[in-house]
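Have a look at the structure below, then the notes.
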Amino acid sequence: MEIVKQVLYSGIQPTGIMTIGNYIGAVSNWNKMQNDYDCIFGLADLHAITVRQNPSEYRQKAISFFAQILACGLDPEKSIVYFQSHVHQHAELQWILNCYTYVGEMQRMTQFKDKSIKHEENINMGLLDYPVLMASDILLYKAALVPVGIDQKQHIEITRDIAIRFNGIYGDTFVVPDGYYPTLGAKIAGLQTPTGKMGKSDADPNNAVSIIEDPDSILRKFRRAVTDSDPFVSFDLLNKPGISNLLTILSAFTDVSIESLVNEYADGGYKRFKEAVGVAVVEGLSPIRDKYNTYMSDKSQLMDIAKQGALRASHIAEKTLSKVKRKVGLVEKARLN
Ligand code: TRP
């Protein structure tokens, strides 16, 4: 008997940089996840145009992100990796689900409220409707599990609400997904402001480290990382957030427990410790950087992977979409062939 795996869906917007925080929290688990689940990964390029992008920069950035995802170990032979905008069913399902979502629910979303303040001059419909597009991403593929940052929890909850609501009216149609919130990555803080998250769109370039950053720049950022006034290396999130953050990063990149690292570096001073963290990160990222460069050196092969991904994704998406159309009473289109 064939064992049917559950579907795992995730997405990332191609904005800012893919940070070592993203890597530690999510991306580094993909290799393993691919064996346990049918993984589908969408580059959420429709989500990111809810804020203004420079078209040519944005296109380059989206391609670069796509290559970074592959470089991190998402294997296009095992998993589906694609651009959201290449699969028209997302936008189509979004329209239908819009008719089952209340304006009030969307206005209450914290991310909408935050972004409305930040982009006061451009509070467009897309910003409000963002969670319904995300719900469509997830529900099209009948995903059971959705790994995301904790900041996306509200969007997962609304996805569940929409799915339950629709199923309640029309009978079983959507799988109601569960969010999965990795604890480690969420804890990676900025190098300059270790009390806050290492954001992918941080204004201070020294606060975050990209997974494809060049080694010198990585070493420099770790040398400059904010520490504390006493010279001892110990783990104390409250009183020594900077050093604790560096310990978490070093532990993630070396697979050595924080306890052993504290033993090793306790009295050696910050300089030696920070150097060691920088070197471990450079070494850990080196195969990813190589793979990334290989993908980027052959754009036509890269785009071919994207095309195959989109074809496979749209095949699955179409099945769900036509079922939904039927359920709500839309007339079936005569087959064109
Ligand atoms: N909104 C998510 C974020 O910014 C990205 C995303 C878009 C996503 N569609 C998704 C994540 C579907 C999980 C599932 O992090």
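Couple of notes before you dig in:
- Using the Cβ-Cβ distance between GLU259 and GLU318 with R0 set to 56 Å, the FRET efficiency works out to roughly 0.65.
- For LYS142, the amide hydrogen comes within under 5 Å of the amide hydrogens of VAL175, counting only partners 5 or more places away or on other chains and with H modelled in the peptide plane.
- Here is the tail figure for region 215-294: Cα pairs spaced more than 19 Å apart come to 34 percent of all pairs.
- Solvent-accessible area of CYS99 with every protein chain in place, 1.4 Å probe, in Å² to the nearest 10: 90 Å²
- A Förster radius of 51 Å combined with the Cβ-Cβ distance from HIS119 to ASN293 puts the calculated FRET efficiency at roughly 0.90.
- Cβ-placed point charges (K, R +1; D, E -1), dipole of the chain about Cα centre in debye, nearest 20: 840 debye
- Residues in region 284-293 carry Karplus couplings, in order, of x, 8, 4, x, 5, 4, 4, 5, 4, 4 Hz; the curve used is 6.51 cos²θ - 1.76 cosθ + 1.60 with θ = phi - 60°, and Gly or Pro positions show x.
- Count Lys and Arg as plus one, Asp and Glu as minus one, and take only other residues whose Cβ is under 13 Å from that of ILE12; the net charge is then -1.
- Accessible area (Å², per residue) of the chain, counting only protein heavy atoms and a probe of 1.4 Å: 50 Å²
- Where labels lie 7 Å past Cα in the beta-carbon direction, separation of ASN54 and ARG272 in nm: 4.5 nm
- Expected-Rg normalisation [2.2 N^0.38 Å, Cα atoms] applied to region 251-325: 1.95
- Binned Cα-Cα distances of the chain, short to long, each 10 Å bin given as a whole percent: 5, 23, 31, 24, 12, 4, 1, 0
- Helical contribution to [θ] at 222 nm, DSSP H n ≥ 4, -39,500 (n - 2.57), averaged over the chain, rounded to 500: -17000 deg cm²/dmol
- Once the chain from ASN167 to ILE150 is taken as fully extended at 0.36 nm per residue, the excess over their C-alpha distance is 3.5 nm.
- Positive minus negative residues near TYR170 (Lys, Arg vs Asp, Glu; Cβ under 14 Å): +4
- Nonpolar atom fraction for region 215-294, defined as the carbon and sulfur part of the 1.4 Å probe accessible area, stands at 51 percent.
- Under the combined filter of DSSP loop state and at most 10 neighbouring Cβ atoms within 10 Å, region 50-87 retains none of its chymotrypsin sites (Phe, Trp or Tyr not before Pro).
- Less than 5 angstrom separates the built amide H of LYS240 from none of the residues sequence-distant by 5 or more or on a different chain.
- Rounded to whole Å, sorted largest first: equivalent-ellipsoid semi-axes of region 128-265, Cα gyration tensor: 39, 16, 13
- Computed from the C-beta positions of LEU311 and LYS32 and an R0 of 22 Å, the FRET efficiency is 0.25 to the nearest 0.05.
The values are calculated or read from the model by the stated rules, or taken from the named source; none is laboratory data. Everything numeric in this text was worked out from a predicted model, so none of it was measured. Heads up, the Cβs are rebuilt from the backbone with ideal geometry, glycines too, and the neighbour counts pull from every protein chain shown. Heads up: the accessible areas ignore ligands, DNA and RNA and are worked out on the full protein's heavy atoms, side chains in. Shrake-Rupley method; radii C 1.70, N 1.55, O 1.52, S 1.80 Å.
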